[in-house]
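Everything below concerns the one structure shown next.
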Amino acid sequence: MDFRRWIARRDQDWQTLDQILTRLETKGIKSLPTEDIQQLASLYRATSADLARAKTHDLNPRLRQNLQSLITRAYGQIYQGDRRQEWNKVAQFYLWQLPLVLRQTFSYTMLAFGIFFLASVIAWWYSWRDPTFLELVVPTDLISTVRDKGQLWMGSILTMKPVAASGIMINNLSVAFGMVAGGVVV
């Protein structure tokens, strides 16, 4: 296979793909006619095949780099879509769907909030009135570290970051498994 002739024959398609992508990146999808959008998809597939051929036959690294750049740009435009559309969905959720769900489940939501608030007030009151209650909930060494020494509980783990990360992960996993086990028991 004569690769110079192949490159010369395919170069026009690569330039067309580059032009379509430039217009798409600067002016948006609405600026493209339907034919260009259809051509974008077919040129993306053809250029992907061209890149595979260039890698297989170990062609010029600059050519491979240019094709990879085209493919990356095209992939971003084809598969990632418009960011405004994604943000519009988030806004629509918070403007319409969440309030609707909250109205539909208002009594249950208020009951859950009330139980949580009542439990928080009771825990605060017991902690404030009875210093020994705190020792039932929080480990004694942690209480002495925070109250007596004036250090945060996480101060010791921040000096050793890899160990700290695994310590935090193990703690979170043990809490999660404890919550699951508590939920199963209750």
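A few notes on this one:
- When Arg62 is tested against (1) free of Cβ contacts under 8 Å to residues at least 24 places away in the same chain; (2) open to solvent by 100 Å² or more (accessible area, probe 1.4 Å); (3) over 21 Å from Arg9 (Cβ atoms), just one condition goes unmet, and that condition is (3).
- Residue pairs whose Cβ atoms lie under 8 Å apart, sitting 6 or more positions apart in sequence or on different chains, and linking a residue in region 22-37 that is at pLDDT below 85 to a partner that is not in a helix (DSSP H, G or I), are Gly28/Asp82; Ile29/Asp82.
- Members of region 98-120 that are surrounded by 10 or more Cβ atoms within 10 Å (Cβ to Cβ), more than 22 Å from Val175 (Cβ to Cβ) and among the polar types (S, T, N, Q): Gln104, Thr105, Thr109
- Candidates Ala91, Ala52, Ala123, Ala74: the one that is touching a Phe, Trp or Tyr at 6+ places or on another chain (Cβ under 6 Å) and either open to solvent by less than 60 Å² (accessible area, probe 1.4 Å) or of a type in the set (A, V, I, L, M) (or both) is Ala74.
- If you go through region 145-182 and keep only what is among the small types (Gly, Ala, Ser) and at pLDDT 80 or above, you end up with Ser166, Ser174, Ala176, Gly178, Ala181, Gly182.
- Test result for Gln85, within 24 Å of the chain's Cα centre (by Cα), open to solvent by 100 Å² or more (accessible area, probe 1.4 Å) and modelled with pLDDT under 80: yes
- Filter result (exposed (fewer than 15 other Cβ atoms within 10 Å of the Cβ), under 19 Å from Thr72 (Cβ atoms) and not acidic (Asp, Glu)) within region 4-15: Gln15
- Complete set of residues in region 126-135 that are open to solvent by less than 100 Å² (accessible area, probe 1.4 Å) and either of a type in the set (A, V, I, L, M, F, W, C) or under 30 Å from Leu102 (Cα atoms) (or both): Phe133, Leu134
The values are calculated or read from the model by the stated rules, or taken from the named source; none is laboratory data. Just so we're clear, the structure is a prediction, and the values are computed from it rather than from any experiment. Note that we place each Cβ from the backbone using ideal geometry, even for glycine, and neighbour counts take in every protein chain shown. The protein model used for the area step is the full one, side chains on, heavy atoms only, and it has no ligands, DNA or RNA in it. Shrake-Rupley method; radii C 1.70, N 1.55, O 1.52, S 1.80 Å.
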